[in-house]
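Please read the structure below before turning to the comments.
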Amino acid sequence: MSLIDYFAMNIVPRMYRGKGALHPAETGVLTDEVSCIREYDVNIFIIRKGETLIAIDAGYKNYAGFLQECRKINLDPSKVQALFLTHADPDHAGGLDIEQKNYFENATVYLGNIEENYLTNVYHRKKIGPFGLKNSVTIKDGYHMLNDGDVTTIGDIKIQTILLPGHTLGHLAYLIDDELLFTGDSIALNKDGGWCFFDIFNYDSKLNIQSLLTLKDRLDFDSLRYVFTSHNGFTADVKNAFSHIDVIPEWKQRGFIFDETAPYDCFSK
Ligand SMILES: [Zn+2]
């Protein structure tokens with residue numbers, strides 16, 4: 001097991017336990033067009049429109065209950081036509097790793113141009129003292145690269161790419177049909193609204209805040225219907241999703257609980 005996987009699967013759960021920081025949506029149907037799969041603390045999102053089926057992110061490497069979760073939402077993952085990665089971290093891109101069966105076998109994979117540097121280990125994910133933490137995910141060649149502002153059309157679905165650096169340098173958000181915004185690991189959501197994502201995993205939290213403020217200015221809140229996060233569910237209160245984006249939650253403080261309704265430990269089943 002690589003250092004970053006060990007960190008993700010052993011250290012993170014212990015650190016986050018009881019803090020209410022992670023509260024993904026349960027596997028199920030969320031809106032007319034969006035369903036999700038929960039793997040521990042993260043969501044994979046599936047968008048259906050007419051005959052078109054796409055996914056946002058691929059979840060963890062070798063998640064044992066993946067097909068069982070797919071059945072709950074009547075999903076045959078081989079029918080997914082395109083898969084858009086928000087970033088290359090193991091909880092988002094792990095499901096495409098070459099060392100496991102790729103259930104999204106027929107999907108064209110899209111990935112940020114800058115984010116590719118983590119897959120090829122040109123960039124280190126995070127510095128811990130003198131050590132650079134390397135990414136652990138390798139995905140098959142043939143993926144398509146995206147740049148800020150790119151608009152991709154898959155069947156009946158229009159996907160706009162928004163570069164949102166901070167959590168990672170090439171982190172992307174996706175705006176779908178001007179209505180659905182997938183923010184990946186940039187926003188942490190609770191009953192009071194949306195906050196800058198938890199500091200510990202951000203490459204640069206200040207950069208994340210700056211990116212979110214710019215995005216807030218660019219968005220048309222009249223057409224936007226839902227904002228989705230990868231670790232804290234989603235909201236139809238789209239303006240509130242940006243209410244505290246310039247604040248980093250102090251989730252490590254004693255007695256602090258970010259979301260009282262979150263599971264005590266997302267990693268224990
Ligand atoms: Zn994540």
Fill in: Criterion (surrounded by fewer than 16 Cβ atoms within 10 Å (Cβ to Cβ) and either outside any loop (DSSP other than H, G, I, E, B) or touching a Cys at 6+ places or on another chain (Cβ under 8 Å) (or both)) met by exactly one of Val247, Val227
Val247
Discussion item. Condition (residue is surrounded by fewer than 23 Cβ atoms within 10 Å (Cβ to Cβ), part of a strand (DSSP E or B) and touching a helix residue (DSSP H, G or I) at 6+ places or on another chain (Cβ under 9 Å)) applied to the stretch 191-202: is it met by at least one residue?
Written reply: yes
Worksheet item: Quick check: is even one residue across the stretch 250-264 surrounded by 23 or more Cβ atoms within 10 Å (Cβ to Cβ) and of a type outside the set (Lys, Arg)?
Response: no
Fill in: Selected residue [farther than 16 Å from Glu116 by Cα and either touching a helix residue (DSSP H, G or I) at 6+ places or on another chain (Cβ under 7 Å) or open to solvent by 40 Å² or more (accessible area, probe 1.4 Å) (or both)] from Gly166, Gly132, Gly142, Gly155
Gly155
Fill in: Those residues of the stretch 35-70 which are closer than 17 Å to Thr153 by Cα and either of a type in the set (Val, Ile, Thr) or within 13 Å of the ligand (Cβ to nearest atom) (or both), in sequence order
Ile46, Ile47, Thr52, Ile54, Ile56
Worksheet item: Taking the stretch 28-53 only, how many residues are open to solvent by 20 Å² or more (accessible area, probe 1.4 Å) and aromatic (Phe, Trp, Tyr)?
Response: 1
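Please work out if Gly255 is within 13 Å of the ligand (Cβ to nearest atom), part of a loop (DSSP other than H, G, I, E, B) and at positive phi. Give the steps one after another, and end with the answer.
Details: within 13 Å of the ligand (Cβ to nearest atom): no; part of a loop (DSSP other than H, G, I, E, B): yes; at positive phi: yes.
Considered against the rule, which asks whether it is within 13 Å of the ligand (Cβ to nearest atom), part of a loop (DSSP other than H, G, I, E, B) and at positive phi, Gly255 comes out as no.
Look at the stretch 87-125 and say how many of its residues are within 16 Å of the ligand (Cβ to nearest atom) and touching a Lys or Arg at 6+ places or on another chain (Cβ under 8 Å). It would help to see each step written out before you state the result.
Restricting attention to the stretch 87-125, the residues satisfying the condition of being within 16 Å of the ligand (Cβ to nearest atom) are 87-97, 111-112, 115, 118-119, 125.
When the remaining residues are screened for being touching a Lys or Arg at 6+ places or on another chain (Cβ under 8 Å), the result is 89-90, 94-97, 118, 125.
Number satisfying all stated conditions: 8.
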Practice prompt. Consider only pairs whose beta carbons are under 8 Å apart and that are at least six residues apart or on different chains; among these, list those whose first residue lies in the stretch 251-268 and is over 16 Å from Asn43 (Cα atoms) and whose second residue is modelled with pLDDT under 80 and aromatic (Phe, Trp, Tyr).
Written response: Phe258/Trp251
Discussion item. Given the criterion under 16 Å from Thr86 (Cα atoms) and open to solvent by less than 20 Å² (accessible area, probe 1.4 Å), identify the matching residue among Ala25, Ala58, Ala21.
Written reply: Ala58
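Does the stretch 126-135 hold any residues that are assigned to a loop (DSSP other than H, G, I, E, B) and more than 15 Å from the ligand (Cβ to nearest atom), and which are they? I'd like the intermediate steps shown before the answer.
Going through the stretch 126-135, the residues assigned to a loop (DSSP other than H, G, I, E, B) turn out to be 129-130, 134-135.
Result: Gly129, Pro130, Lys134.
The values are calculated or read from the model by the stated rules, or taken from the named source; none is laboratory data. Because the structure is a prediction, the values reported are computed rather than measured. Please note: Cβ atoms are built from the backbone with ideal geometry, for glycine as well, and neighbour counts cover all protein chains shown. Please note that ligands, DNA and RNA were not included when accessible areas were found on the heavy atoms of the full protein model with its side chains. Shrake-Rupley method; radii C 1.70, N 1.55, O 1.52, S 1.80 Å.
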